[in-house]
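The values are calculated or read from the model by the stated rules, or taken from the named source; none is laboratory data. Quantities reported herein were computed from a predicted structural model and do not represent experimental measurements. Backbone-built Cβ (ideal geometry, glycine too); neighbour counts: all protein chains shown. Heavy atoms of the whole protein, side chains included, go into the accessibility calculation; ligands, DNA and RNA do not. Shrake-Rupley method; radii C 1.70, N 1.55, O 1.52, S 1.80 Å.
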Amino acid sequence: MKRIIHKCILCVLIFCLAGCAKRNFFPDEDDPGLSRFTFHGYNIATAYINEVPYINPFYGTNLFGIAPPPGNAIPVLSKVATNSVFDTLSLSWPIEKNNNTQASNSYFNSTISLLMPVPKSFSLNDFLALSGQRFSSNTNSIMLQGFLNKPPDTLYGSSNIYLVEISVDSTESYKHIVFSGLFNGNIADSILITKGRFDFAIDANKINF
């Protein structure tokens, strides 16, 4: 009987630990539905799309590894090879309408991507050197995938990006790249993205440049 009780307690502890992921959403009093702009590696991103607040999803308890790990959805930072003179630096993350920071009920969300042309020799050190720099819409693009849930599924527009701060957070066992920024953009005359802000931390080992 004691062994059964111990097993039950262990299961409860595992469940509680798996569900302890924190949303890290800090409401902006001036911009309802958006999180305040921060630089702490909170992995939070919010923006208005046609005046509706959007956020990267928060995933709840995941005991069996069949869904994304608990916590805010992690972005993907990668360099995409092209046939042109420049390659493309892509920062992408899933988005959904902000539902008062509750856990997402879907693992199939739309995605937003900020796209920047970079030299083919672009490296992680070059990315770190972008800290504090602004990039205008005459060079950068923004992409929405699955936003309209009907063809065309991929929508392109222009964007302005301000990489406010980029740094390396290192310990003896791992290295994270922490970066925060502001962005806006538009896709034709029908989709307007405003007051975007992100605060991300990515494992350096998962960056492909």
Count of residues meeting criterion [open to solvent by 70 Å² or more (accessible area, probe 1.4 Å) and either within 17 Å of Pro94 (Cα to Cα) or touching a residue at least 60 places away in the same chain (Cβ under 8 Å) (or both)] in region 151-189: 3
Matching residues, region 48-83, being farther than 22 Å from Asp203 by Cβ, surrounded by fewer than 18 Cβ atoms within 10 Å (Cβ to Cβ), modelled with pLDDT of 95 or more and not charged (D, E, K, R): Asn50, Val52, Thr82, Asn83
Residue satisfying all of: in region 190-209; open to solvent by less than 60 Å² (accessible area, probe 1.4 Å) and over 18 Å from the mean Cα position of the chain (by Cα); nearest to Phe37 (Cα to Cα) among these: Ile191
Subset of region 131-150 (residues that are within 23 Å of Phe209 (Cα to Cα), surrounded by fewer than 18 Cβ atoms within 10 Å (Cβ to Cβ) and not small (Gly, Ala, Ser)): Gln133, Arg134, Thr139
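For region 91-130, give me each residue that is charged (D, E, K, R) and crowded, with 16+ Cβ neighbours inside 10 Å.
Looking only at region 91-130, we keep the residues that are charged (D, E, K, R), and these are 96-97, 120, 126.
Across region 91-130, the qualifying residue is only Glu96.
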